[in-house]
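What follows is a structure written as structure tokens; I'll ask about it next.
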Amino acid sequence: MNCIHCSPIEPIEDKGILKIRRASPSLASAVQASGFKIKSYQEEVCEISYSTREQLLNVMKLIESAKEAALLTISIIGTEPPSELERWMSLSQLQVRFSNHSLIDIIANKEFCSYLQPIVDSSERIVGFEFLLRPLPQGTPFQPHILFEVARESGFHSFLDRAARISAIEASARLLPHGIKRFINFLPSSIYDPEYCLTHTFEAIQQQGLRPEDFVLEVVETEEIGDISHLTHIFAECRSHGILVALDDVGAGYSTVEVMSSLQPDYVKIDRGLISFCDQDASKQKAVKEIMERAGEFGGKVLAEGIERREEFQFCRELGIHLAQGYLFGKPAPTPPIHFLHAARIS
């Protein structure tokens, strides 16, 4: 079950057909006049045959110069027909794909894994982990935020977002016992239809024999929350399947206190910028206390992110913050800490 946004990413072959939608007669004539073979042109769809990668790039340069370039959508079909739905993209998306081919290959081939970072309670007992996308140990290195940015600019963010969620779920099945919370990020813009787009996530949890109540889907901090009703719909769909939800980086950027109060997530993660040296900064203390009070109005559990100093943790603990995360308790790693694994075996 796939929609075009999450369907497999087909490689661009050195021989095939480039299709252009909304191609004007003048563009079709310019293509033909430049010596390229037009396979067909009807209803503003122009099909151009190419036999080498150089020819394909030259056709793209010609398209770039067209006055309607920004309105065109393009599909490239190799010698074999698409395995599923035909993928159309803008010229800018295609350009990103060519200029970042190594990162696109990482996305298409799912050459990544999930690392875990501990989440502790007020007694420093590990009660959960956040799962974070990382390169394979022997794979091509990449910066996760750059990989997601290239995915967004090329139109592959839904594919990557879903693949990252599945990777985290599978890793959690291998590494964690029942009862430990698993925080997994998601991009709201990758969820077009919550009932459909999240089906694969729910099925993966079931197939791995895991408990939905152990999972927390977390809105990542990089996205502007422009449609509260859509995100509310996503939250409702998660909760209907027994999965909890979290809002990341509250108090900074797009995750304002007002957004938090509107969405009423089960977990509220305070931005690391507010937590850093919060024991010494009165303005940060005021902001943290406000988030605590507002979250308390709807019963949201508060998690302090980015704790690196014991003084920060002590302040947060005295304030009544429920959970904490940061380098003080552990960096992202491919496996849980030894002391956690030992305690899990004993229990």
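Filter the stretch 299-333 for residues that are out of contact with any strand residue (DSSP E or B) (no Cβ under 6 Å at 6 or more places or on another chain) and part of a loop (DSSP other than H, G, I, E, B) and give the result.
Answer for the stretch 299-333, where residues must be out of contact with any strand residue (DSSP E or B) (no Cβ under 6 Å at 6 or more places or on another chain) and part of a loop (DSSP other than H, G, I, E, B): G299, G306, E308, R309, G320, G326, Y327, L328, K331.
Evaluate the following for A204: is it in the same structural domain as V127 (by TED's automatic domain parsing), surrounded by fewer than 18 Cβ atoms within 10 Å (Cβ to Cβ) and either within 21 Å of the chain's Cα centre (by Cα) or within 26 Å of D121 (Cα to Cα) (or both)? Give the derivation first.
Details: in the same structural domain as V127 (by TED's automatic domain parsing): yes; surrounded by fewer than 18 Cβ atoms within 10 Å (Cβ to Cβ): no; either within 21 Å of the chain's Cα centre (by Cα) or within 26 Å of D121 (Cα to Cα) (or both): yes.
Taking the combined requirement at face value, the residue does not satisfy it.
Take I106 and decide whether it is touching a Phe, Trp or Tyr at 6+ places or on another chain (Cβ under 9 Å), free of Cβ contacts under 8 Å to residues at least 60 places away in the same chain, within 21 Å of R152 (Cβ to Cβ) and surrounded by 14 or more Cβ atoms within 10 Å (Cβ to Cβ).
Working: touching a Phe, Trp or Tyr at 6+ places or on another chain (Cβ under 9 Å): yes; free of Cβ contacts under 8 Å to residues at least 60 places away in the same chain: yes; within 21 Å of R152 (Cβ to Cβ): yes; surrounded by 14 or more Cβ atoms within 10 Å (Cβ to Cβ): yes.
Spelling it out, I106 is indeed touching a Phe, Trp or Tyr at 6+ places or on another chain (Cβ under 9 Å), free of Cβ contacts under 8 Å to residues at least 60 places away in the same chain, within 21 Å of R152 (Cβ to Cβ) and surrounded by 14 or more Cβ atoms within 10 Å (Cβ to Cβ).
So, one more: Among the residues of the stretch 101-127 satisfying the criterion of being under 20 Å from the mean Cα position of the chain (by Cα) and of a type in the set (G, A, S), which is nearest to P8 (Cα to Cα)?
The qualifying residue nearest to P8 (Cα to Cα) is A108.
If you take the residues in the stretch 185-201 that are in a helix (DSSP H, G or I) and hydroxyl-bearing (S, T, Y), which one is surrounded by the most Cβ atoms within 10 Å (Cβ to Cβ)?
From the stretch 185-201, those in a helix (DSSP H, G or I) are 188-190, 194-197, 199-201; that's our starting set.
In the following step, the residues that additionally are hydroxyl-bearing (S, T, Y) were identified as 189-190, 196, 199, 201.
On the way: S189: 15, S190: 22, Y196: 13, T199: 14, T201: 24.
For the stretch 185-201, the residue satisfying everything is T201.
Restricting attention to the stretch 62-95, which residues are among the acidic types (D, E) and either in a helix (DSSP H, G or I) or touching a Cys at 6+ places or on another chain (Cβ under 6 Å) (or both)? Steps first, answer last, please.
Step one: filter the stretch 62-95 for residues among the acidic types (D, E), giving 64, 68, 80, 84, 86.
Listed by number, the list holds a single entry, E64.
Moving on to the next point. Part of a loop (DSSP other than H, G, I, E, B) and among the small types (G, A, S): is that true of G296 in this structure?
Numbers: part of a loop (DSSP other than H, G, I, E, B): no; among the small types (G, A, S): yes.
When the stated conditions are applied, G296 does not pass them.
Considering the stretch 17-58 alone, what residues qualify as being among the aromatic types (F, W, Y) and under 17 Å from A70 (Cβ atoms)? Show your work before the answer.
If we filter the stretch 17-58 for residues that are among the aromatic types (F, W, Y), which is where we start, we get 36, 41, 50.
Of everything in the stretch 17-58, nothing turns out to be among the aromatic types (F, W, Y) and under 17 Å from A70 (Cβ atoms).
Could you please find all residues in the stretch 13-61 being surrounded by 17 or more Cβ atoms within 10 Å (Cβ to Cβ), assigned to a strand (DSSP E or B) and without any contact (Cβ under 8 Å) to a residue 40 or more places away in the chain?
Y41, C46, E47, I48, Y50
Here's another thing I want to ask about it. Evaluate the stretch 292-314: report whether one residue or more is of a type in the set (A, V, I, L, M, F, W, C), touching a His at 6+ places or on another chain (Cβ under 6 Å) and surrounded by 22 or more Cβ atoms within 10 Å (Cβ to Cβ). Please lay out each step first, then the result.
First, pick out the residues of the stretch 292-314 that are of a type in the set (A, V, I, L, M, F, W, C): 292, 295, 298, 302-304, 307, 313.
Remaining after also requiring touching a His at 6+ places or on another chain (Cβ under 6 Å): 302.
Going one step further and asking which of them are surrounded by 22 or more Cβ atoms within 10 Å (Cβ to Cβ), we end up with 302.
Within the stretch 292-314, one or more residues are of a type in the set (A, V, I, L, M, F, W, C), touching a His at 6+ places or on another chain (Cβ under 6 Å) and surrounded by 22 or more Cβ atoms within 10 Å (Cβ to Cβ).
Go over the candidates Y254, Y267 one by one and state the one that is at pLDDT below 90, closer than 18 Å to P188 by Cα and out of contact with any helix residue (DSSP H, G or I) (no Cβ under 7 Å at 6 or more places or on another chain).
Values: Y267 fails: at pLDDT below 90.
Testing whether each residue is at pLDDT below 90, closer than 18 Å to P188 by Cα and out of contact with any helix residue (DSSP H, G or I) (no Cβ under 7 Å at 6 or more places or on another chain) leaves just Y254.
Among the residues of the stretch 147-176, which ones are closer than 16 Å to P212 by Cβ and in contact (Cβ under 8 Å) with a residue 60 or more places away in the chain?
As a first pass, look at the stretch 147-176 and keep what is closer than 16 Å to P212 by Cβ: 165-166, 168-170, 172-173, 176.
Scanning the stretch 147-176 gives a single hit, L176.
The values are calculated or read from the model by the stated rules, or taken from the named source; none is laboratory data. Treat the numbers as computed from the prediction; the structure is a model and nothing was measured. Cβ atoms come from the backbone with ideal geometry, glycine included; neighbour counts cover every protein chain shown.
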